[in-house]
Amino acid sequence: MDKELAKQIFEELYKEIDGISISLNERNALNISSKEFVYGEINFDSFIEIVDKVKPKEDDIFYDLGSGTGKPCIAISLVYKIKKAVGIELLNNLWETSNKILKKLREEIRNPLEIEFRRGNILEEDFSDGTIIFSHATCFEDQTMEKLEKKLQSLKKGARIILITKKLKGDEFELIDEGEKRMSWGYATYRIYKKIK
């Protein structure tokens with residue numbers, strides 16, 4: 001789909017959605033104080049500019065680890081023809097919101113996009129069939145990053161991983177691009193890795 005049209009649809013879907021408040025209210029209700037749950041969102045244009053660099057193809061399977069209200073899955077599916085997009089989110093209200101948005105999108109677009117939102121823990125869910133992985137890992141603690149990197153080792157050779165802020169340490173991953181792009185809270189560093197072993 002044309003990027004401008006995709007952006008219009010995307011912005012219309014999310015115009016009344018405040019993911020930051022949804023996240024904060026649920027964290028407060030559940031007494032979650034961990035900084036790992038601090039909520040941030042993509043900027044549509046910045047996200048698509050980053051994704052352009054991994055050149056999505058029709059057989060790609062995209063995963064967003066910590067998918068919030070589902071913005072990356074919706075954005076990539078509107079702009080690129082990929083096999084499917086899957087978001088994994090632990091907080092119930094964010095997960096429910098992403099499914100409501102997906103329902104609304106399916107009512108508006110006749111061509112059914114392959115998008116799925118799962119409620120679960122990214123360190124426990126299976127995403128080994130993914131070929132493009134995205135994670136807004138900014139607030140992840142070192143221990144979480146170590147566990148996540150171990151899970152990323154199960155990806156097939158050639159898989160691309162997009163991380164916001166954090167780095168991968170293992171020699172199975174080659175850094176192929178990095179830079180800064182605007183996100184909901186300001187500029188953030190992105191890194192793109194390719195699994196080479």
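The values are calculated or read from the model by the stated rules, or taken from the named source; none is laboratory data. What you see is a predicted model; the values in this text were computed from it and never measured. Using ideal geometry, Cβ is built from the backbone for each residue, glycine included, and neighbour counts are taken over all protein chains shown.
Just one of the listed residues (Leu113, Leu123, Leu175, Leu168) is in contact with a helix residue (DSSP H, G or I) (Cβ under 9 Å, 6 or more places away or on another chain), free of Cβ contacts under 8 Å to residues at least 40 places away in the same chain, surrounded by fewer than 16 Cβ atoms within 10 Å (Cβ to Cβ) and not in a helix (DSSP H, G or I), namely Leu123. Of the residues making up the range 1-51, those that are acidic (Asp, Glu), under 18 Å from Leu102 (Cα atoms) and without any contact (Cβ under 8 Å) to a residue 60 or more places away in the chain are Glu11, Glu12, Glu16, Asp18.
When Ser46, Ser33 are screened for being farther than 23 Å from Asp129 by Cβ, assigned to a helix (DSSP H, G or I) and of a type in the set (Ser, Thr, Tyr), only Ser46 passes. When we screen Glu107, Glu58 for residues that are free of Cβ contacts under 8 Å to residues at least 12 places away in the same chain and either over 27 Å from Lys147 (Cβ atoms) or in a loop (DSSP other than H, G, I, E, B) (or both), the only hit is Glu107.
Of Leu163, Leu94, all but one fail to be in a helix (DSSP H, G or I) and surrounded by 13 or more Cβ atoms within 10 Å (Cβ to Cβ); the exception is Leu94. From the list Ile42, Ile74, the lone residue that is among the hydrophobic types (A, V, I, L, M, F, W, C) and under 23 Å from Met145 (Cβ atoms) is Ile42. Hey, among the residues in the range 85-125 that are acidic (Asp, Glu) and modelled with pLDDT under 95, which one's nearest to Gly158 (Cα to Cα)? Top of the filtered list is Glu114. Of all residues in the range 126-152, those that are at pLDDT 95 or above and part of a loop (DSSP other than H, G, I, E, B) total 6. Considering Gly66, Gly87, Gly40, the condition of being surrounded by fewer than 20 Cβ atoms within 10 Å (Cβ to Cβ), touching a Ser or Thr at 6+ places or on another chain (Cβ under 8 Å) and either within 26 Å of Tyr187 (Cβ to Cβ) or of a type in the set (Val, Ile, Thr) (or both) is satisfied by Gly40 alone.
Within the range 73-118, the set of residues being aromatic (Phe, Trp, Tyr) and over 23 Å from Val54 (Cα atoms) comprises just one member, Trp95.
Among the numbered conditions (1) outside any strand (DSSP E or B); (2) modelled with pLDDT under 95, the only one that Arg182 does not meet is (1).
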